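S.K.: Take a look at the following structure, please.
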Amino acid sequence: MEGIFKDSLFAEITGEAGELLKYDTSGDLLLFPVRHHSPVCSYQILRAVEEFSPTAILVEGPENANGLIPVLTDERTELPAAFYYFYKDKKKLVSEDAEDYKCYYPFLYSSPEFNALAAAAAKGIRAAFIDLPYCEILINTAKGKGLRTEKEKHSYTDDTRLIRSKFYKKLCEKTGIRNFEEFWEKYFEIEGLKLTPAEFCKNMHTYCVLTRAQEKDSELEADGTLARERHMALRIKEALDKGEKVLVVTGGLHSLGLAKLLKSGKIKAEKLHKMTPDIQGSFPTAYSYEAADALHGYASGMRFPAFYDGIMKRIVNGADPANVYNDATLELLIKTAKESSKKDIAISIADITSAQTVMNGLAALRNVSQCGISELADGITSAFIKGEKTISSAMPLDIMRRLATGDGIGHIGDKTHVPPLVADFEKQCDIFKLKYASVIPQEADVPLFLGERGLNLSRFMHRITYLDTGFATLTKGPDLKRGKDRSRVRELWKYRRTPQVDAALIDHTTDGFTIEEACTNLAARALTEHRRCQDAAQTAIDCFLMGIPLTGHQKELLYDIVSEDGDFFSIGEGLRCFARLCDLQKLYEFEDSSSFACLEKCMSRLIPALPSMANSPEETASDVVDVMRRMYSLTGSMLENWRDTLEGALLTLVGSKDKNPEVYGAAMGLLYALEPSRRSAAEDAMRGFLQGSEKVRMQGADYLKGLFCTAGDIVLADDSFLYMTDELITGFEREDYLEILPSMRLAFSYFTPSEIQSIAKAVAGIHGVKDKDIIYGDTIDEGLFEFGKKLDSLITARLNGGEMQ
Amino acid sequence: MEQNYIKPPVEIRYADELKTLRDNDNGKKPENWLLSPKAVRTFILGGEVDTPEGKVKIPRKFYGNDALVERCIITLAGSRGLMLVGEPGTAKTMLSELLSAACCGVSTNTVQGTAGTTEDMIKYSWNYALLLAKGPCREALVPSPLLVGMEKGIFARFEEITRTPAEIQDSLISVMSDQILNIPELGDEGLVQAKRGFNIIGTANTRDKGVNEMSGALKRRFNFETVEPVSDVSLEKEIIIREAENMAKAGHIDCPVDTDVAELLAVTYHELREGKTSEGTVVEKPAAVMSTAEAVSVYYQTISHAWYYGDGTADLGILTENLLGAVCKENKDDLEKLKAYFRTAVKEKAKKVGGAWKEYSKTASLLR
């Protein structure tokens, strides 16, 4: 550390405010600069608390979460944990878009903020956050800046400035270091352990003041930094005025700003808006190492959080700071070797020894007193990667990074402040023995009909999915909504708890106190919003899968939606959904009389509309045919008493003047199925197509498509349809044939392979050949083939020669 | 005397720098090394040396991954050999020469691996006249670079190791494991033990992979380092200029450096190697090696032509023709790929950037 900054530099760059930045344990104020999640900052903070003996510790953080501090420092709480802040801009104070905002404030064991708060709790002194409430930060931030940048995830602890500074790049060049993380690890994390708190503080202030010097005031104002500093300074002043001895823990970049404001004594109070708990709030939530690292992309703390957390845990447990990194990196090296061996990557003891030799050698070469993660990565690269470094050969390096990042997830001990939905989620997970305390993806095999647990677990998974939490994904199993794989009796779920799961659950807090209640309310709301039968039916399936019975009012609502929808296809889809529900009620032990009523209502709406679908345009004809098939199939099972009415509607349809050939064919097929004596009518219709103009003949293919779709057996009964199909195909010119080919292909796709084979044999018979003759063709004489080949090459040579001339 | 050689060895070329470093080196040295690891790092990656006369600047000689160089130095100070692998033209040989010269003062103690390399060349052979006259004795023995390295405690370099048949490569295993070479013909005197400071630096082309794959046993005795091509275009341009200048100086060619031409070449090589232009257009990668060393060679040819046949300024037409010769060597499809690159990327740059790119674009007709 020594040698990086000159001693005189500190006074030079801090000016008059410098005296407030001095580490003076006899004064009333100590501004301690930190980097989020940095173990060395945590270590030095703990020492500073002992040396300074404050009566109050003030920490940078939105003050509307002050009530949650005891939850964080509760001994039952396991880190990583975070405070989740939300703000719903219903009053349009942030922007005219009235958007919802949310962000995390993550805490790890290596977070200096956490260690400061924990030290205060241990000593029984006051601890408080002093930053503006979350909504005020947003109100004071310009669009596209700070916490209002366009990001999927926001972290309150944003280190962007520290990292993007050009200043450190110059330092890297001077010190021959590759990047910021390596620079930070060497000069602050490792070498900082050797310093006294006073020396460390001075170095941190110097670095941060030089970094801040590159920021324009306009930028600091735009991203809310200056407003936040004014508020923090005000809170510090209030504490000092009360006679408290104050230790202030903030990001290093704020220190100079705070010192200047406190020095001037003129601090303008920020206007604070009144907020109700439904539009602004904060909750403690479990957080993961993975998210703490993933957020690194947004520069919110250190890389490899589990590794650095381990460093802090070791120090707290009494490890010698002078050797803590050497121990931790060696342990991680051995773990990496073990994990690699599990993946069939042979790593010997000699390799481990060699890697350690390289690590120690590099540490000496780089003038760093202990091996850090950079040396570890280099040691692994050198000794564990055999051959060319590629994605596959570099796997040990990936394993090391994964281990250093960590896959653990925290736990909130005091459940009083845990959002009710998160608490219920954890309770349900415990009941079903789901492993939710890890970010590693898990699998759950759910036998639906073997005992009560399977069905209940399935319902829980569907509920948590309905809340759009991203916790579980159904990878295999019956898909009732799309009507696929409904014969499967097991569901295979993949699930994984991430902070986003908690965030989604917290977002649904206003919907209910349990997951079941939230789903019930959401489904009820969805029903009131739906206007189309198919949407309402999908919600009914959701409720069915979630095991949430509809209330009498909701049933009426559902019935009304079906009654009022005028869209043939939407009702057709509703028919499918309700039929599925009626069919599976017993199996899923879910009694719901409304489904059958809705099913009948769908049928009663579809039948009068059916004749009007006769002249459907080409693009919707297949959908009409689908609905017709569905209607016919139901009149053979649940809705038998509707068969005659359906027959009447079909007869009206075929009697219409203008008909889509595919719909016509399907209707003729269904009528034939209802009454086999109508076969001749279907044949006559086909003959009509054959005898018509070229355009009408081409429609014959679509007629066949519709007919085969609903009554494929008509072809297999005798040869007359085959003769007509053959006549249709052979009567076309090549170009016209190519035009009808897609329809013909689709028409024959309704047959099974063995049916197609027997049809092919019959067609071959019509033309007096055998199927084998068609497949193999005629044998060509060998001599003739040779002659042809020679002729071919001669012509090619002549042509090429001609071109050259 | 030095300038009479085409390519003087590193220890002669940089003799002054090595002496400065040696004279002012206070760092700890592995036994038998001439410089400490820190001084070796400074020699290869550049830096400043404090001397009684003031600070002396040591220029950087290897561009790219600094950590790789550090790992190489530390590996060589340990018990394992160093194997440098990578695409042709990524300066593996240069790095191994620099390391040898800096650590041992000798970069020429080298075995060149070929399909015809035999075990004799790796271990030892005999001066048959002396052998017949005096029988097997030390005088009649012709030591290999490996044996020399063991006896003197210096590095032995093994170039293109994978060009050598696998069973021949494996003769290194016992030497690297036990640090002993047995010469049975010499009886009790035939046991040569490696002196401290001895190590092996191997190089292997990834393009030769599969020609003679190294055995697992041998791999375990090396630490591998993959030398990647230079990923930064401006750095590649800098290297082309620097190296071509050095070559021109050695060849007494007094042509001014045309940075624009060097940039054209650096961008062309970089984009063809990556298969993507700076504008994001995907271009087909030629099968030929698109290394910085090749680019340097093309540039040198161009300025040589300008010096001997032209007015001393680099002609873009000649540059394109030289590029054609360098790229279209093994695969006839490479010509089409190069033409396509000119049709798309060069044309686009001519429109956007103009200047030399415009002239460069016009030379596309020479690609045939």
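The values are calculated or read from the model by the stated rules, or taken from the named source; none is laboratory data. None of the values given here were measured: they were computed from a predicted structure. Reconstructed Cβ throughout: ideal geometry from the backbone, glycine too, with neighbour counts over all protein chains shown.
S.K.: Which of the numbered conditions does A:LYS433 fail, given that it passes all the others? Conditions: (1) on the phi > 0 side of the Ramachandran plot; (2) within 14 Å of chain B (Cβ to nearest Cβ).
M.R.: (2)
S.K.: In the list B:GLU243, B:GLU271, B:GLU263, B:GLU236, which residue meets the criterion of being more than 24 Å from B:THR344 (Cα to Cα), in a helix (DSSP H, G or I), acidic (Asp, Glu) and away from every other protein chain (no Cβ under 14 Å)? If you could, list the steps in order and put the result at the bottom.
M.R.: On the way: B:GLU271 fails: more than 24 Å from B:THR344 (Cα to Cα); B:GLU263 fails: more than 24 Å from B:THR344 (Cα to Cα); B:GLU236 fails: more than 24 Å from B:THR344 (Cα to Cα).
On inspection, the qualifying residue turns out to be B:GLU243.
S.K.: Check segment A:394-415 and report whether any residue there is farther than 30 Å from B:LYS219 by Cβ, more than 14 Å from every other protein chain (Cβ to nearest Cβ) and part of a helix (DSSP H, G or I). Talk me through it step by step, then tell me what you get.
M.R.: Initial filter on segment A:394-415 (farther than 30 Å from B:LYS219 by Cβ): A:406-415.
Restricting the remaining residues to those that are more than 14 Å from every other protein chain (Cβ to nearest Cβ) gives A:406-415.
If we keep only those that are part of a helix (DSSP H, G or I) as well, we get A:415.
Yes, segment A:394-415 contains at least one residue that is farther than 30 Å from B:LYS219 by Cβ, more than 14 Å from every other protein chain (Cβ to nearest Cβ) and part of a helix (DSSP H, G or I).
S.K.: Given B:ALA204, B:ALA217, which one is within 11 Å of another protein chain (Cβ to nearest Cβ) and modelled with pLDDT of 80 or more? Give the steps one after another, and end with the answer.
M.R.: Numbers: B:ALA217 fails: within 11 Å of another protein chain (Cβ to nearest Cβ).
Answer to the selection: B:ALA204.
S.K.: Give A:ALA717, A:ALA764 a once-over and let me know the one that is without any contact (Cβ under 8 Å) to a residue 12 or more places away in the chain and farther than 26 Å from A:SER612 by Cβ. Walk me through how you get there before you give the answer.
M.R.: Numbers: A:ALA717 fails: without any contact (Cβ under 8 Å) to a residue 12 or more places away in the chain.
Just a single option satisfies the conditions, and that option is A:ALA764.
S.K.: Another question about this same structure. Which of the residues that make up segment A:634-676 are part of a loop (DSSP other than H, G, I, E, B) and out of contact with any Cys (no Cβ under 7 Å at 6 or more places or on another chain)? Before you say what the answer is, go through the steps one by one.
M.R.: Initially, segment A:634-676 is screened for residues part of a loop (DSSP other than H, G, I, E, B), giving A:636-639, A:656-660, A:675.
Within segment A:634-676, A:GLY636, A:SER637, A:LEU639, A:SER656, A:LYS657, A:ASP658, A:LYS659, A:ASN660, A:GLU675 meet the criteria.
S.K.: Please note which helices (runs of 4 or more DSSP H) are completely contained in segment B:108-210 and include at least 1 residues that are surrounded by 15 or more Cβ atoms within 10 Å (Cβ to Cβ) and of a type in the set (Lys, Arg).
M.R.: On the way: elements: B:119-122, B:128-134, B:145-152, B:166-169, B:171-178.
So the answer is B:145-152.
S.K.: Would it be correct to say that B:ILE303 is within 20 Å of B:LYS249 (Cβ to Cβ) and in a helix (DSSP H, G or I)?
M.R.: Values: within 20 Å of B:LYS249 (Cβ to Cβ): yes; in a helix (DSSP H, G or I): yes.
Yes.
S.K.: Can you list residue pairs whose Cβ atoms sit under 9 Å apart, with the first residue in segment B:231-256 being assigned by TED's automatic domain parsing to the domain that holds B:LEU272 and the second being at pLDDT below 80 and basic (Lys, Arg)? Count only pairs 6 or more apart in sequence or on different chains.
M.R.: Partner pairs satisfying both residue conditions: B:ALA250/B:LYS7.
S.K.: Taking the criterion of being within 19 Å of the chain's Cα centre (by Cα) and assigned to a loop (DSSP other than H, G, I, E, B), would at least one residue in segment B:214-228 satisfy it? Explain how you work it out, then say what you get.
M.R.: Step one: list which residues in segment B:214-228 are within 19 Å of the chain's Cα centre (by Cα), which gives B:222-228.
This time we only want the ones that are assigned to a loop (DSSP other than H, G, I, E, B), so: B:228.
Yes: segment B:214-228 contains one or more residues that are within 19 Å of the chain's Cα centre (by Cα) and assigned to a loop (DSSP other than H, G, I, E, B).
S.K.: Name every residue in segment A:597-633 that is under 13 Å from A:ARG576 (Cα atoms) and among the basic types (Lys, Arg), in order of residue number.
M.R.: A:LYS601, A:ARG629, A:ARG630
S.K.: Given A:LYS435, A:LYS427, which one is under 30 Å from A:LEU505 (Cα atoms) and not in a loop (DSSP other than H, G, I, E, B)? Don't jump to the end; show me each part of the working.
M.R.: Working: A:LYS435 fails: not in a loop (DSSP other than H, G, I, E, B).
Step by step, each of A:LYS435, A:LYS427 is checked, and only A:LYS427 is under 30 Å from A:LEU505 (Cα atoms) and not in a loop (DSSP other than H, G, I, E, B).
S.K.: Shifting gears a bit: Do you know which residues across segment A:25-54 are of a type in the set (Ser, Thr, Tyr), over 30 Å from A:GLN280 (Cα atoms), in contact (Cβ under 8 Å) with a residue 24 or more places away in the chain and not in a helix (DSSP H, G or I)?
M.R.: Within segment A:25-54, A:THR25, A:SER53 qualify.
S.K.: Looking only at segment B:28-44, how many residues end up being surrounded by fewer than 18 Cβ atoms within 10 Å (Cβ to Cβ) and at the interface with chain A (Cβ under 9 Å from one of its Cβ atoms)?
M.R.: The qualifying residues number 1.
S.K.: Being within 14 Å of another protein chain (Cβ to nearest Cβ), surrounded by 14 or more Cβ atoms within 10 Å (Cβ to Cβ) and in a loop (DSSP other than H, G, I, E, B), is that true of even one residue in segment B:47-57?
M.R.: There is no residue in segment B:47-57 that is within 14 Å of another protein chain (Cβ to nearest Cβ), surrounded by 14 or more Cβ atoms within 10 Å (Cβ to Cβ) and in a loop (DSSP other than H, G, I, E, B).
S.K.: For segment A:272-294, which positions are touching a Leu at 6+ places or on another chain (Cβ under 7 Å) and outside any loop (DSSP other than H, G, I, E, B)? Even if it seems obvious, please write down each step before you answer.
M.R.: Kept after step one, since they are touching a Leu at 6+ places or on another chain (Cβ under 7 Å), are these residues of segment A:272-294: A:273, A:282, A:284, A:292.
Of everything in segment A:272-294, those that are touching a Leu at 6+ places or on another chain (Cβ under 7 Å) and outside any loop (DSSP other than H, G, I, E, B) turn out to be A:SER282, A:PRO284, A:ALA292.
S.K.: Same structure, new question: If a residue has to be more than 16 Å from B:LEU76 (Cβ to Cβ), modelled with pLDDT of 90 or more and either among the polar types (S, T, N, Q) or in the same structural domain as B:ASN246 (by TED's automatic domain parsing) (or both) to count, how many in segment B:1-41 make the cut?
M.R.: Result for segment B:1-41: 2.
S.K.: Could you list, in sequence order, all residues of segment B:61-79 that are within 12 Å of chain A (Cβ to nearest Cβ), closer than 19 Å to B:LEU34 by Cα and of a type outside the set (Gly, Ala, Ser)? First the steps, then the outcome.
M.R.: At the first step, the residues of segment B:61-79 found to be within 12 Å of chain A (Cβ to nearest Cβ) are B:64-79.
Right, trim to closer than 19 Å to B:LEU34 by Cα and you get B:69-79.
Within segment B:61-79, B:VAL69, B:GLU70, B:ARG71, B:CYS72, B:ILE73, B:ILE74, B:THR75, B:LEU76 meet the criteria.
S.K.: Let me ask something else. Across segment B:318-335, which residue is nearest to the chain's Cα centre (by Cα) among those that are farther than 15 Å from B:ALA295 by Cβ and surrounded by fewer than 15 Cβ atoms within 10 Å (Cβ to Cβ)?
M.R.: B:GLU330
S.K.: With respect to the numbered conditions (1) touching a Cys at 6+ places or on another chain (Cβ under 9 Å); (2) within 14 Å of another protein chain (Cβ to nearest Cβ); (3) modelled with pLDDT under 85, which one is the sole condition not fulfilled by B:ASN212?
M.R.: (1)
S.K.: Okay, moving on. Has segment A:613-627 got at least one residue that is at negative phi and free of Cβ contacts under 8 Å to residues at least 12 places away in the same chain?
M.R.: yes
S.K.: Something else about it: Pick from A:LYS427, A:LYS386: which is within 14 Å of another protein chain (Cβ to nearest Cβ) and either crowded, with 20+ Cβ neighbours inside 10 Å or on the phi < 0 side of the Ramachandran plot (or both)? Steps first, answer last, please.
M.R.: Working: A:LYS427 fails: within 14 Å of another protein chain (Cβ to nearest Cβ).
Exactly one of A:LYS427, A:LYS386 is within 14 Å of another protein chain (Cβ to nearest Cβ) and either crowded, with 20+ Cβ neighbours inside 10 Å or on the phi < 0 side of the Ramachandran plot (or both), namely A:LYS386.
S.K.: Condition (residue is part of a helix (DSSP H, G or I), charged (D, E, K, R), buried (at least 23 other Cβ atoms within 10 Å of the Cβ) and not assigned by TED's automatic domain parsing to the domain that holds B:LYS249) applied to segment B:60-76: is it met by at least one residue? Full working, then the answer.
M.R.: Within segment B:60-76, the subset part of a helix (DSSP H, G or I) is B:66-76.
Going one step further and asking which of them are charged (D, E, K, R), we end up with B:66, B:70-71.
Then drop every residue that is not buried (at least 23 other Cβ atoms within 10 Å of the Cβ), which leaves B:70-71.
Still in the list and also not assigned by TED's automatic domain parsing to the domain that holds B:LYS249: B:70-71.
So far as segment B:60-76 goes, yes, one or more of its residues are part of a helix (DSSP H, G or I), charged (D, E, K, R), buried (at least 23 other Cβ atoms within 10 Å of the Cβ) and not assigned by TED's automatic domain parsing to the domain that holds B:LYS249.
So that you can scan it fast, the table gives a plain yes or no per residue for (1) polar (S, T, N, Q); (2) within 14 Å of chain B (Cβ to nearest Cβ):
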| site | (1), (2) |
| --- | --- |
| A:THR329 | yes, no |
| A:ILE334 | no, no |
| A:LYS338 | no, no |
| A:SER341 | yes, no |
| A:ALA346 | no, yes |
| A:ILE349 | no, yes |
| A:ALA355 | no, yes |
| A:VAL358 | no, yes |
| A:LEU365 | no, yes |
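S.K.: Return yes when A:ASP223 is more than 25 Å from A:GLY27 (Cβ to Cβ), under 39 Å from the mean Cα position of the chain (by Cα) and surrounded by 23 or more Cβ atoms within 10 Å (Cβ to Cβ) and no when it is not. Before the answer, list the steps.
M.R.: On the way: more than 25 Å from A:GLY27 (Cβ to Cβ): yes; under 39 Å from the mean Cα position of the chain (by Cα): yes; surrounded by 23 or more Cβ atoms within 10 Å (Cβ to Cβ): yes.
For A:ASP223, the condition - more than 25 Å from A:GLY27 (Cβ to Cβ), under 39 Å from the mean Cα position of the chain (by Cα) and surrounded by 23 or more Cβ atoms within 10 Å (Cβ to Cβ) - is met.
S.K.: Still on this structure, I have one more. For residues that are buried (at least 17 other Cβ atoms within 10 Å of the Cβ) and modelled with pLDDT of 85 or more, scanning just segment A:433-453, find the one that is nearest to A:ALA306 (Cα to Cα).
M.R.: Looking at the filtered set, the residue picked out is A:LEU434.
S.K.: Quick check, is B:ALA115 out of contact with any Leu (no Cβ under 7 Å at 6 or more places or on another chain), within 14 Å of another protein chain (Cβ to nearest Cβ) and at pLDDT below 90? Outline the logic, then answer.
M.R.: Working: out of contact with any Leu (no Cβ under 7 Å at 6 or more places or on another chain): yes; within 14 Å of another protein chain (Cβ to nearest Cβ): no; at pLDDT below 90: yes.
Against the criterion (out of contact with any Leu (no Cβ under 7 Å at 6 or more places or on another chain), within 14 Å of another protein chain (Cβ to nearest Cβ) and at pLDDT below 90), B:ALA115 does not qualify.
S.K.: For segment A:465-495, which positions are crowded, with 19+ Cβ neighbours inside 10 Å, without any contact (Cβ under 8 Å) to a residue 60 or more places away in the chain and outside any strand (DSSP E or B)?
M.R.: Taking segment A:465-495 and keeping what is crowded, with 19+ Cβ neighbours inside 10 Å, we get A:465-467, A:469, A:471-472, A:477-478, A:480, A:491, A:493, A:495.
Cutting the leftovers down to without any contact (Cβ under 8 Å) to a residue 60 or more places away in the chain gives us A:465, A:467, A:469, A:471-472, A:477-478, A:491, A:493.
Result: A:THR465, A:LEU467, A:THR469, A:PHE471, A:GLY477, A:PRO478.
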